[in-house]
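The block underneath contains the structure these notes are about, expressed in structure tokens.
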Amino acid sequence: MKKAAPGSGPVIIKKYANRRLYNTETSSYITLEHLAAMTREGRDFKVVDAKTEEDITHNVLTQIIMEEEARGQTMLPVNFLRQLIALYGDSMQAMVPGYLEASMDSFRRNQEQFKSAVEGAFANSPFAEIAKRNMAMFEAAASAFQPGGAANPAPGAAPGAAPVAPEAGSGNDGDVSALKAELARLQEKIEKLGK
């Protein structure tokens, strides 16, 4: 998030004791949704406690993530969250932020290659249409991490809709086997991209 605001430096957002957020650039009160939109647009901002001037940007960004997750926009798997919590206090804790940031940067750089691999793996399979819709939703979720990105739902999908998956018990064993084979090919392609 390095996109500069019209002025120099990051936009200063003041957070008051009553939890209200004040945008000093526009001289108006804003909400967490406004900050989420600024993040998606690549606007650089810093949130400070209005009384102490302490930088609380990290806390506010974490709060935005918690609200998105609570709304059903889950992106962080339970197992990942457990692993992350387990690292607090661990000797490796200091390395985790840099690792996560580098991983997300790498993900953004390789997103196009990943998209091509997914589309190629499912081409000409009975699950091609499902894969396309899931990929569109995946891209919408990933765009939240890109400066200037805006989440767009999959074609024909309601905003915030969950990825489409085959209904349990509705297919036959052949469909399940075909899906497993396609997933194995996808995994091979992803591993090759990582090398």
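The values are calculated or read from the model by the stated rules, or taken from the named source; none is laboratory data. Bear in mind that the values here come from a model prediction, so they are computed numbers and not experimental data. Each accessible area value is taken on the protein alone, full model and side chains, heavy atoms only, with ligands, DNA and RNA left out. Shrake-Rupley method; radii C 1.70, N 1.55, O 1.52, S 1.80 Å.
Just a few scattered comments:
- Note that the stretch 74-85 has calculated 3J(HN,Hα) couplings of 5, 10, 9, x, 4, 4, 4, 4, 4, 5, 5, 4 Hz, one per residue in order, obtained from phi through the Karplus relation 6.51 cos²θ - 1.76 cosθ + 1.60 (θ = phi - 60°); glycine and proline are x.
- Residue-wise HN-Hα couplings along the stretch 102-107, as the Karplus relation 6.51 cos²θ - 1.76 cosθ + 1.60 with θ = phi - 60° gives them from phi, are 5, 5, 5, 4, 5, 4 Hz; Gly and Pro carry x.
- With the whole protein complex present, Asp49 retains an accessible surface near 50 Å², based on a 1.4 Å probe.
- Accessible-area ranking of Ile190, Ile13, largest first, probe 1.4 Å: Ile190, Ile13
- The stretch 1-105 - percent of accessible surface contributed by carbon and sulfur, probe 1.4 Å: 57 percent
- Exposure of Tyr22 as accessible area (Å², to 10), given a probe of 1.4 Å and all protein chains: 60 Å²
- Close amide-amide hydrogen proximity is noted between Ile12 and Thr24, Glu25, Lys46, each under 5 Å apart and 5 or more residues distant or on a separate chain (H modeled in the peptide plane; Pro and chain starts excluded).
- Computed with every protein chain present, the accessible area of Leu21 is close to 10 Å² [probe 1.4 Å].
- DSSP bridge pairs, the stretch 2-116: antiparallel proportion in percent, nearest 5: 55 percent
- Here's how it looks for Glu41: its modeled amide H is under 5 Å from those of Gly148, which are all 5 or more places away or on a different chain.
- Residue ranking by accessible heavy-atom surface, 1.4 Å probe, largest first, among Phe114, Phe80 comes out as Phe80, Phe114.
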